Amino acid sequence: MRRRHFNLGLGAALAPGLAGAQPAEALRLLTGFPTGAVDLVARLLAEQLQPLLGRPVWVEAHPGASGRLAPQAMKQARPDGQSLLLVPHGAVTLFPHVFRQLGYDPVADLAPLAQVAQFDLVIGAGPGVPAGDVRQLARWLRAQRAPAGCASPGIGTSAHFLLARLAELTGVALTHVPYKSPGEALAAVVGGHVPLAVLPLSDLQEAARAGRLRLIGCFSAERTPLEPELPTVREAGIDLAVSGWLGLYARAGTPAEVLARQGAAVARVLAQPELRARLQVAGLRAGSLDAAGLAQLQARESAFWADAVRRTGFQPLD
C-alpha cells in the first residue's frame, strides 16, 4: 500500500460499510473525515471488529467543521453501545480551547475506550534552510533579518500552537503561515515558498526520502521507530514533547459491561501484527492505551494545549 498525505484518501479500498443501507443490527463507527488517516483507521477497525463482536460495523462519516460534526453527532446518540466515535486528539484536547461553540463536551459526553493509533509531529525544512537539526535551525533563525515563515495545516491546529511554543522556548521569531491542508503546506515548503513546516511525519517522509526537504526534529517524547535516526526536539534541550493520536470513544453513560466488552475487542484488534503493519505503512503506530490510560492522556494534554493556546493570546474561533 502506497503512503499518501495524512489528510488524503488512504482508506478508499478498505471495505466495511462503504455504500448501501446500514443494517439495523450494525454498530456505527462515527468519524469526521471521509478520507485520510482517520478513515483508514476506522475501516481497519471495522474490518477486524466485525468477527469479534459478531455484528456488522458501519463506518459513518460526518465531514465538515474541522471534524467537530462527528462528536456532535455522537452527543445525540443513545448510551447503549450502538455507536462509537473515532477522533484525532485535537477534537478532545485542543478544540475546547480553540472554539467558542464546540457543540459537545469531551468529558461529559464521551467515554474513552482506547487509544487506537499514534502519529508523530515533525519539523520539516525546505531546500533553502542550511540546518540539519533543531539546534542548527535555531541558530539559523536567529541570524535572519526577518521572522521566517512556518507552514501548518491551518489556524487552530496542533501545528499552529506547537510552532508558537517552539519559538517561545528557543527565543526565535517565526511567522505562522496557515494552509488549508497538509498537502498544501508541504507543497509550499518543497517549492521554497515557506522555509519550514510542522506536519505529521507521514506527510513529510516521501519528500524527505526524495531529497526535497529535510526532517529536522520530532516532537514526540522519544524517537519514532518509523524514523529512528530523527532526533527529538527534546534532545536539543527544548522541553517540548507531544504526539498526535486517534482515540476511540463511546457515548458517556454506556453501561460498564458494554464498555469492557468493546474495549477488550479493540485490544485484541490492536495486538494483531497484520493490523500494526498496515498502520505502519500509513505512517502510523498502533495505540497503547486502554480506557483509563486514554482518559489520563486526554486530561494531561488538554491542560497542555490550554496553556499553549493561552500563551499565544489566541482569540477563540466561532
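None of the figures in this text is laboratory data; all of them are computed from the coordinates on show. Since the structure is predicted, the reported quantities are computational estimates derived from the model, not experimental observations. Counting neighbours? That spans all protein chains shown, and the Cβs are built from the backbone with ideal geometry, glycine included.
Each Cα pair under 8 Å and six or more residues apart adds its separation to the average, and for the chain the resulting relative contact order is 26 percent. Here the convex hull built on the C-alpha positions of the stretch 161-318 has a volume of 150 cubic angstrom per residue. Plainly put, the chain has a radius of gyration that is 0.97 times its Kirkwood radius, both from alpha-carbon atoms, as the Rg/Rh ratio.
Can you work out the base-10 log of I(q)/I(0) for the stretch 268-318 at q = 0.15, 0.17, 0.20 1/Å, using the Debye formula on its C-alpha atoms alone? With no solvent term, the Cα-only Debye profile gives -0.65, -0.72, -0.79. Restricting the stretch 188-217 to trypsin sites (Lys or Arg not before Pro) that sit in a DSSP loop and have at most 10 other Cβ atoms within 10 Å of their own Cβ leaves nothing. Quick one: Debye curve from the C-alpha atoms of the stretch 121-236, no solvent, what's log10 I(q)/I(0) at q = 0.12, 0.21, 0.22 Å⁻¹? The Debye formula, applied to the Cα set alone, gives -0.34, -1.19, -1.32. Principal axis analysis of the Cα atoms in the stretch 61-103 yields extents of 30, 17, 17 Å, listed in decreasing size. Computed 3J(HN,Hα) for the stretch 93-107, one whole-Hz value per residue from the Karplus formula 6.51 cos²θ - 1.76 cosθ + 1.60 where θ = phi - 60°, is 10, 9, 4, x, 9, 10, 10, 5, 10, 6, x, 6, 10, x, 8, glycine and proline marked x. Charged side chains reduced to their Cβ positions (Lys and Arg at +1, Asp and Glu at -1) give the chain a dipole of some 460 debye around its Cα centre. For the peptides 237-250, 161-174, the ranking by packing is 237-250, 161-174, with the highest mean count of neighbouring Cβ atoms within 10 Å listed first. Dipole orientation for the chain: of the candidates Gly81, Ala108, Leu289, Leu289 has the Cα lying most toward the positive pole (charges on Cβ; Lys, Arg +1; Asp, Glu -1). Each Lys and Arg adds +1 at its Cβ and each Asp and Glu adds -1 at its Cβ; summed about the Cα centre, the stretch 174-284 shows a dipole of about 260 debye. Near Ala164: Cβ cut-off under 14 Å, other residues only, Lys/Arg at +1 and Asp/Glu at -1. The net charge is +1.
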